[in-house]
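The values are calculated or read from the model by the stated rules, or taken from the named source; none is laboratory data. Bear in mind that the values here come from a model prediction, so they are computed numbers and not experimental data. Because the Cβ atoms are built from the backbone with ideal geometry, glycine has one as well, and the counts that use them run over all protein chains shown. Quick note on the areas: whole protein, heavy atoms, side chains included, nothing else; ligands and nucleic acids left out. Shrake-Rupley method; radii C 1.70, N 1.55, O 1.52, S 1.80 Å.
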Amino acid sequence: MKNEIDIHRALRVFNKVTQYGEKTSDTAESVYHLCGINALTGFDGYTITLSDAQVKLDIFFHNKYQFDYPNNEALDNFLKRFSDVEKFTRD
């Protein structure tokens, strides 16, 4: 079963997490954290990853993507976090 996602929304969430999130270094790459979502860029510069404790969303070149999650509830919770990121404002 293929999960449908608004890829443009995911990219906006990625941008907001990297713009306003807390930056930490995870070995050779930087990871940003905001509202329970982690964001990082792959070594090739064409792959980005959004994740939480249970779900991982990889977005590849040409807007192809792949989810990795244990169950539908985890996926639903992950996607709900997108709304939290979208509502986030820096005062």
key: Breaking point among (1) touching a residue at least 40 places away in the same chain (Cβ under 8 Å); (2) not in a strand (DSSP E or B), for residue 54   = (1)
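Being outside any loop (DSSP other than H, G, I, E, B), of a type in the set (D, E, K, R), touching a helix residue (DSSP H, G or I) at 6+ places or on another chain (Cβ under 7 Å) and open to solvent by 40 Å² or more (accessible area, probe 1.4 Å) narrows it down to one residue among 16, 23; which is it? Break it down stepwise before answering.
Details: 23 fails: touching a helix residue (DSSP H, G or I) at 6+ places or on another chain (Cβ under 7 Å).
Just a single option satisfies the conditions, and that option is 16.
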note = Scanning the stretch 57-91 residue by residue, those assigned to a loop (DSSP other than H, G, I, E, B) and more than 13 Å from residue 37 (Cα to Cα) turn out to be 60, 64, 69, 70, 71, 89, 90, 91
ask   = Residues of the stretch 55-67 being under 12 Å from the mean Cα position of the chain (by Cα) and either surrounded by fewer than 13 Cβ atoms within 10 Å (Cβ to Cβ) or not β-branched (Val, Ile, Thr) (or both), which ones?
value = 56, 57, 58, 65, 66, 67
key: Evaluation of residue 43 against (1) assigned to a loop (DSSP other than H, G, I, E, B); (2) out of contact with any strand residue (DSSP E or B) (no Cβ under 9 Å at 6 or more places or on another chain) (one fails), failing number   = (2)
